[in-house]
Each structure stands twice: as structure tokens, then as C-alpha cells.
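One structure is given below, encoded as C-alpha cells.
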Amino acid sequence: MSTEKERLLEKIDKKTAQIAILGLGYVGLPLAVVFAEAGFTVVGIDTDSRKVETILNQQSHIADVPSETIAKLVSSGKLQATTDFSVLDQIDAVSICVPTPLRKTGDPDLSFILDAADKLAQFMHPGMVVVLESTTYPGTTRELLLPRLGQSENLSVGENFFLAFSPERVDPGRQDWTTYNTPKVVGGITPACSEVAAKWYGKALQTVVPVSSAEVAEMAKLLENTFRMINIGMVNEMAIMCDRLGIDVWEVIDAAATKPFGFMKFTPGPGLGGHCIPIDPLYLSWKLRALNYTARFIELASEINTNMPRYVVSKVQDALNQQSKPLKGSHILVLGVAYKPDIDDLRESPALDIIGLLRQKGAIVSYHDPYIPHLQHEGVNYTSVADLDNSIRHADCVAIITNHKIYNYDTILQNAKLIVDTRNALGEKRRSNPKVVSL
Ligand code: SAJ
């Protein structure tokens, strides 16, 4: 075993290894906390000084991390924060938790990873382990990160510095599965990299799942989220087919879900939102296109999911038509705009596409969402309506887009003239009611 590897493993074992987390978002801050709570000294590094100041003020900017936790760790010196990358000079172990969005073109945007890598490369020294957590296409760690981090003469990957990938599995708002207790896959550039990274993570996380390479770890994450995206696409197409057949898709799904094995329930909806599911699979299909392979399931599911907002608007238009009302000039109240129930996250929310499409067709659109007081879409500013009951009564059609638990669906059903329910929010009451149209 190389002496650098021995020394690093000893520091990890004794928890004297100095840790840095690059990127203090919904992945990085909980990870920093877990390592600090395990007894390591952790410095969080972020280019956003506001995030750093919040932590130094012993506050949390991430809902899943209580400020009390930050206060305890900062006051004990276990958690620090800075925008200064030069602290990496003294660091033994680094985890990179930066965003991997899509460009407007639909291509992967790796600029955050490359920026973090270029900053880190200036301070790379023998005896370091680096783990990339950001979801990306298979090969990123080896093809993009390794050349940048291992460029200096005195560095040899798997010998005196170690590089691995470990996919984040953070589901914001979830209480049962947390950064600490969610099994964590870890795969290195070399077996020694897998070993060192797994050893490091194993000192703080409940379950580490070592795999043979960074590519296996990168691909495992993409399988997880592609699995969801494709099954959601399939069940959305089921909804369209059931509509054509005059069959209630929600009843069909509930019946199928009684099968105790070999079935996993997914439900149709107005489209696919969030920063993971609509985006991660497109990293995979993009990579395969570069290898002259078309990932047909991903492309088809993406097409179906992307078309759901248009399908919802057609349901609204048809429902109004049944009441001899043109969509143009009708008042439509969109109920719930977050990308999924009971959260305040608007990223990639299909509600935005629906609002835009309704406007384009001349409808007078307003929205209500208790978690999202304001939003801007296509240059138009919207504010969540103040008087929900009055807005429901006034609307020609209420479109239930995000079924937050906080809503009183009985009152909505009572007061609305017409409802398009895209989430089965009204349940059984929906079926026999002529003023309710389901997805
Ligand atoms: N959706 C449906 N039908 C479904 C499930 C979801 O239309 O049956 C829609 C949601 O409304 C939302 C989008 O899909 O718009 C994504 O929903 P999601 O439940 O997958 O929630 P996310 O985006 O928060 O996914 C995260 C992911 N976590 C990570 O990537 C670490 C995902 O892998 C998790 O499986 C998911 O949380 C979860 O299970 O909650």
C-alpha cells in the first residue's frame, strides 16, 4: 500500500482528515452536517457568499437542515464555511455537490462541475480523496474530472490521490430517508479509489455500497431516475389511452396496484417537474447520442411527459366547450403550481407550461399556491390569489395541477363551476360529478 494511501486512511480512520464540501445546496449542506456530526472538521465552500454568511451566522438556508444543527456545529468549530477555495490547501477529502442542469438546448450543462474542478485543481496535493456527487452522464468523472485534477506531475490517481463518484440520493422534505441513512453507492477510478472513498463515506454514513468503478456509480443513479421518468411517461400514456376508451385510469391503477408483486404504482399527472427526474435521463440519452445510439425509451417518455401540459389545456378547453364557453376570455384558476405536492419548489413545474399555454390561447389565468406567493413566467408576474374561495367561485374552470394536502377539496368541489382534476385530488367524489373532468 502506498504511504500516501496509508496516511490518508489513517486520518480517515481517526477522523482527523480535514473535509471540504464544494457546493452548499440541498445536497452539500446536509452532507457537510453528516460528516461534522460524525466528528470530522468540515469546511463548506460555496461561491454564493450569502449561503456562507447564513451558515457563519449559525442559520440554515436548507429546509431539511435545522438552524439549531448549524448553530451547534459552527459554535463547536466542527463546521466552517467560506468562499475562499485556497483553504483546499489544507484539505484531505473533498466532496463536489454542484448543480448539473440542462442548457436551453437540452444539452448537459457541466459548467458548475468544470468550474469547481478548475478551482480545486489549483490546490490538489498528494494524499487527497475527491468524490463527485453531482448527477451526470457515465464517464464524466474519468473523462472530465481526472484530467483536470490529476494534471500535476506529482499526482498519480489510485496511488497518491483518489477520485470517485457517489450519486446523491437526497429527496428534499423526506423525513424517513435522510443523507445519513440512505444507502450510498460509491465507485472509484481505480479499486484503490473505490476503497478510500468508501472508507471515508463509511465513517459518516450508515450504509455504503462500494461498486467497481465511477461509471457504474454514475450509471446507477441514471437508472434510478430514468426508471421513474419512463414509468411516469408510461402511466401518462395510460391516462391518454383510458380517456380514449372511456375508462377511469385512476380506478385501473388502483386495481392494478392490488397486485402484491411485480407491479409498482405510478400515477398520471400534468407533466414532469423537479430538478432530477425530467433532467437526469437526458444526460444519459445525450451521452448515448454521441455514441450513435438513440435511447428510445428516454426520448419517447420525455416526449409524452413534455406533452402533458398541452394535453391538460386541451382537457380544459374541451370541458369549457361542453358548457358552450370558449377558452378565450374564460377565467381559469390554476390550483397548485409547485412541481409536486406539499413543497415550495417551482423548478421545471408543468404548472408553468400550463399557465403559459392557457395565456397563449387567450384565457384569463390566475393561480393559487400556499407555498408559492409569487411567480414569473414568460415575462409575466403572477401573485397567488388572496381570496381562494372567491376565486374558485369566480373561475369558469378550476384546474387542479398540484394537489397540496392543505386544500379542502370538498369546499373546492362545492364552490367551483367546473373542475379539471389532473391528480385525482377529488378521489371518489370526482367520478359521479358532471362538473368534474379527470385527466
Ligand atoms: N410524478 C408523477 N407521477 C408519479 C410520480 C411523480 O407525475 O407517479 C411527477 C411529480 O408530480 C413531479 C415529478 O414527477 O412533478 C417528479 O416527482 P418525484 O416524486 O420523482 O420527485 P423528485 O423530483 O423530488 O424526485 C426525487 C428523486 N430523488 C433523487 O434524485 C435523489 C427521485 O430519485 C426520488 O425517487 C423521488 O425524489 C422520490 O421518490 O420522492
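The values are calculated or read from the model by the stated rules, or taken from the named source; none is laboratory data. None of these values were measured; they are calculated from a predicted model. Positions of Cβ are backbone-derived with ideal geometry, glycine not excepted, and every protein chain shown enters the neighbour counts. What goes into the accessible areas is simple: the full protein's heavy atoms, side chains included, and nothing from ligands, DNA or RNA. Shrake-Rupley method; radii C 1.70, N 1.55, O 1.52, S 1.80 Å.
If the condition is being farther than 14 Å from H331 by Cβ and either loosely packed, with under 14 Cβ neighbours inside 10 Å or touching a strand residue (DSSP E or B) at 6+ places or on another chain (Cβ under 9 Å) (or both), then the stretch 360-381 contributes Q360, D369, P373, H374, L375, Q376, E378, G379, V380, N381. Just one of the numbered conditions (1) more than 30 Å from the chain's Cα centre (by Cα); (2) of a type outside the set (G, A, S); (3) open to solvent by 20 Å² or more (accessible area, probe 1.4 Å) is not true of N408: (1). Among the residues of the stretch 320-340, those identified as open to solvent by 10 Å² or more (accessible area, probe 1.4 Å) and not aromatic (F, W, Y) are N321, Q322, Q323, S324, K325, P326, K328, G329, H331, K340. Out of all the residues in the stretch 405-434, which are part of a loop (DSSP other than H, G, I, E, B) and at pLDDT 95 or above? Answer for the stretch 405-434, where residues must be part of a loop (DSSP other than H, G, I, E, B) and at pLDDT 95 or above: K405, I406, Y407, N408, A416, K417, L418, T422, R423, N424, A425, L426.
Among the residues of the stretch 252-299, those that are open to solvent by 90 Å² or more (accessible area, probe 1.4 Å) and either more than 16 Å from the ligand (Cβ to nearest atom) or at pLDDT below 95 (or both) comprise T258, K259, P260, F261, R289, L291, N292, Y293, R296, F297.
Of these, G39, G28, which one is buried (at least 18 other Cβ atoms within 10 Å of the Cβ), under 24 Å from G202 (Cα atoms) and either assigned by TED's automatic domain parsing to the domain that holds K119 or among the hydroxyl-bearing types (S, T, Y) (or both)?
Every option except G28 fails the conditions.
In the stretch 320-340, the residues that are charged (D, E, K, R) reach residues that are away from the ligand (no atom under 16 Å from the Cβ) with C-beta atoms within less than 6 angstrom, at least six apart or across chains, in these pairs: K325/D396; K328/G362. Reported count of residues in the stretch 212-245, each being among the basic types (K, R), more than 9 Å from the ligand (Cβ to nearest atom) and not assigned by TED's automatic domain parsing to the domain that holds M264, is 0. Looking at the stretch 226-241, is at least one residue farther than 19 Å from K184 by Cβ, of a type in the set (S, T, Y) and open to solvent by less than 50 Å² (accessible area, probe 1.4 Å)? Scanning the stretch 226-241, I find at least one residue that is farther than 19 Å from K184 by Cβ, of a type in the set (S, T, Y) and open to solvent by less than 50 Å² (accessible area, probe 1.4 Å), so the answer is yes. Checked against (1) within 16 Å of the ligand (Cβ to nearest atom); (2) open to solvent by 10 Å² or more (accessible area, probe 1.4 Å), P167 passes all but a single condition, namely (2). Number of residues in the stretch 121-164 that are more than 16 Å from the ligand (Cβ to nearest atom), more than 18 Å from C193 (Cβ to Cβ) and out of contact with any Leu (no Cβ under 6 Å at 6 or more places or on another chain) equals 2. Of the strands (runs of 3 or more DSSP E) lying entirely inside the stretch 1-94, those containing at least 2 residues that are among the polar types (S, T, N, Q) are 79-82. Restricted to the stretch 341-359, and to residues there that are buried (at least 22 other Cβ atoms within 10 Å of the Cβ) and free of Cβ contacts under 8 Å to residues at least 60 places away in the same chain, the residue that is nearest to the ligand (Cβ to nearest atom) is L352. Pairs are defined by a Cβ separation below 7 Å, a sequence spacing of at least 6 or placement on different chains, a first member in the stretch 225-248 that is more than 16 Å from P309 (Cα to Cα) and modelled with pLDDT of 95 or more, and a second member that is open to solvent by 70 Å² or more (accessible area, probe 1.4 Å) and part of a helix (DSSP H, G or I); the pairs so defined are I230/F297; D248/R431. Only residues that are under 23 Å from Y26 (Cβ atoms), touching a Gly at 6+ places or on another chain (Cβ under 9 Å) and either among the charged types (D, E, K, R) or free of Cβ contacts under 8 Å to residues at least 40 places away in the same chain (or both) were counted in the stretch 185-208, giving 2.
Residues that are of a type in the set (S, T, Y) and in the same structural domain as P350 (by TED's automatic domain parsing) number at least 2 in the following helices (runs of 4 or more DSSP H) confined to the stretch 248-339: 280-290, 296-322.
Condition test on V186, is it within 16 Å of the ligand (Cβ to nearest atom) and open to solvent by less than 10 Å² (accessible area, probe 1.4 Å)? Working first, answer last.
Values: within 16 Å of the ligand (Cβ to nearest atom): yes; open to solvent by less than 10 Å² (accessible area, probe 1.4 Å): yes.
In short, yes.
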